[in-house]
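*Asks:* The structure's right below; bear with me while I get my questions together.
The values are calculated or read from the model by the stated rules, or taken from the named source; none is laboratory data. Just so you know, these numbers come straight off a predicted model, no measurement behind them. For neighbour counting, all protein chains shown are included, and Cβ atoms are generated from backbone atoms with ideal geometry for every residue, glycine included. For accessibility, only protein heavy atoms count, side chains too; no ligands or nucleic acids. Shrake-Rupley method; radii C 1.70, N 1.55, O 1.52, S 1.80 Å.
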Amino acid sequence: MKNLALVWVCAINIMGLVATKALADNFNFVESSSAANHTVVVLQAGDKPSKTLAALDARTNQQITEALKIKSFNGAKKQMVELLVPQGLQAKRLIIMGVGDTASANKGAINELGAELTAYLAKGTNERERNHTITLLTAGISDANSNASFAAQFAHGMNLRAYRFDKYLKEKNPAPRNISVSVDDKQQAASQYQQLKAIEHGIFLARDLTNEVPSQLTPAQFAKEASKLKQLGVKVTIIKPKQVKSLGMGGLYSVGQGSNDGSHLVIAHWQGSEQAPIALIGKGITFDTGGYNIKANGDSISRMKTDMAGAAAVLGTIRALAEQKSTQNVVGIMAMAENMVSATATAPGDVITMGNGTTVEIVNTDAEGRLVMADALWYANQHFQPRVMVDIATLTGSKYRALGNRFTAIFSDDQGLMDGLSNAGERVHENLWPLPLAYHDELKSPIADIKNSGHNGPGATMGAVFLQHFAGDTKWAHLDMAGHALTRSDKGIHPTGGTGYGVRLLTEWIASNPE
């Protein structure tokens, strides 16, 4: 193998134009590399050694072959064999990683392979503290498209797992590692990774926002964070509480009227074309006490800073599209409020008037997300006339009880839209499962047009049909992502904490030129 040739290297700044608090790694794509003075990782598909692995094996006098035999290594995905200070090589560590059949693997599967390597490198070795340089050899490994495509997706998965949020830690995480990825075509790999890096920035932004503590991420502060996207060419409009009230958005206004900040509507518009826009609507409850129907479970309420994860996903998606210079016209509308208990908070039994004139009896102040989302749907229709609307929210505990955290619930009366979103979710492993739009009669109220909750039907469905009332005639889908905002332990592409769920799904769907 030739010495490292850095005639042209793609070095991409992890922080982007709009700084995040994230810590992840730096990737360079090269066409030749050496196995010298650092950790070397060789990817292997199947039990027949690749040319790269065979060349290294010869230099170690078949030490690699003997180690693989001892470990019964056959190249299946996520198998790991490690040699320390292998003879004949200058590398301190040599890791052989099985990747299985990559030709039929989708993006999500390849991302998870990369995440597995990041997790392995972090196990008990103080790798970040003592050795910041890694060479990854991918020769002979391709997805359905190319080696460059595989390498870019693999690096993407590595970085998604490498993210850390250490703002409140006394001991900060070590500096990012530098990873050289040896590929067949460095320019093609770097170009594809540039697009994925934009998605990483969007995910990291969403994770940062979700991880932030509620006293620091109020609706007003979220609006300030959104305004930073102006540097990327995004048009950002902030509608403050008095304007929310004067526009008649009684649902959004009422949820925030018990808090100091009040309610805000944040609009972030990436206009990549003159076509009618796609509207993404995100629930942004920066802290949810439940209001006067206060959440009784102490463990549950402690996680309610994540009730804005839908809005974070929308803002992260807009950032990703802006960095990619997407040719789609996409407007993100984020309904922001704190659902607090105070003398001015909405009381159970109150009747409010929504933006579209519908009166709503508030029978449960903890069914607040649908109120803010309904007004955001109305605003999107009224001011942008979108060709399609997709809303995303941590809306109901009922969804989590029905589907857990491996599937997001999707509701729509448009089969084509459901199929497009579901296919996109399958490709990136953010999977959707359809639930019915039904039980409309359970929302009848004796004193108002409708009420905000029912008692004799599935909660996730009744939340969805409430929102359907405000979607109008526009093609619309509702995504209930309850249970996906936060992970309690490192798993797959997700380190502990905020997941940034929804950014990959939405960017994948939008890139497929929907509708």
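*Asks:* If I filter the stretch 199-236 down to residues being of a type in the set (Val, Ile, Thr) and within 19 Å of VAL503 (Cβ to Cβ), which single residue comes out as surrounded by the fewest Cβ atoms within 10 Å (Cβ to Cβ)?
*Replies:* So the residue we want is VAL236.
*Asks:* Sticking with this one: Looking at this structure, is PHE407 at pLDDT 95 or above, within 22 Å of the chain's Cα centre (by Cα) and aromatic (Phe, Trp, Tyr)?
*Replies:* yes
*Asks:* Quick one: how many residues across the stretch 313-360 are assigned to a loop (DSSP other than H, G, I, E, B) and open to solvent by 10 Å² or more (accessible area, probe 1.4 Å)?
*Replies:* So the count comes out to 19.
*Asks:* Please give the number of the condition ALA374 fails out of (1) touching a residue at least 60 places away in the same chain (Cβ under 8 Å); (2) of a type in the set (A, V, I, L, M); (3) open to solvent by 10 Å² or more (accessible area, probe 1.4 Å).
*Replies:* Exception for ALA374: condition (3).
*Asks:* Related question: Out of the residues in the stretch 3-40 meeting the condition of being assigned to a loop (DSSP other than H, G, I, E, B) and at pLDDT 85 or above, tell me which one is surrounded by the most Cβ atoms within 10 Å (Cβ to Cβ).
*Replies:* The qualifying residue surrounded by the most Cβ atoms within 10 Å (Cβ to Cβ) is ASP25.
*Asks:* Being open to solvent by 30 Å² or more (accessible area, probe 1.4 Å) and closer than 30 Å to LYS444 by Cα is the filter here; which residues of the stretch 475-515 pass it?
*Replies:* Within the stretch 475-515, LYS475, GLY483 qualify.
*Asks:* Only one of ILE510, ILE447 is modelled with pLDDT of 95 or more, of a type in the set (Val, Ile, Thr) and in a loop (DSSP other than H, G, I, E, B); which?
*Replies:* ILE447
*Asks:* Quickly run through the stretch 473-488 and pick out the residues that are assigned to a loop (DSSP other than H, G, I, E, B) and modelled with pLDDT of 95 or more.
*Replies:* ASP473, THR474, MET481, ALA482, GLY483, HIS484, ALA485
*Asks:* Report yes if GLY251 is among the small types (Gly, Ala, Ser), modelled with pLDDT of 95 or more and open to solvent by less than 50 Å² (accessible area, probe 1.4 Å), otherwise no.
*Replies:* Spelling it out, GLY251 is indeed among the small types (Gly, Ala, Ser), modelled with pLDDT of 95 or more and open to solvent by less than 50 Å² (accessible area, probe 1.4 Å).
*Asks:* Of all residues being over 19 Å from HIS478 (Cα atoms) and touching an Asp or Glu at 6+ places or on another chain (Cβ under 7 Å) in the stretch 437-450, which is surrounded by the fewest Cβ atoms within 10 Å (Cβ to Cβ)? Just the residue, please.
*Replies:* ILE447
*Asks:* Residue by residue through the stretch 404-436, note down the ones that are polar (S, T, N, Q), open to solvent by less than 30 Å² (accessible area, probe 1.4 Å) and outside any strand (DSSP E or B).
*Replies:* Result: SER412, single match.
*Asks:* Something else now. Does the stretch 41-60 include one or more residues that are in a loop (DSSP other than H, G, I, E, B), surrounded by fewer than 17 Cβ atoms within 10 Å (Cβ to Cβ), at pLDDT below 95 and under 33 Å from the mean Cα position of the chain (by Cα)?
*Replies:* yes
*Asks:* Let me ask something else about it. Looking only at helices (runs of 4 or more DSSP H) that lie completely in the stretch 104-179, which have at least 3 residues being at pLDDT 95 or above and open to solvent by 20 Å² or more (accessible area, probe 1.4 Å)?
*Replies:* Per the criteria, 107-121.
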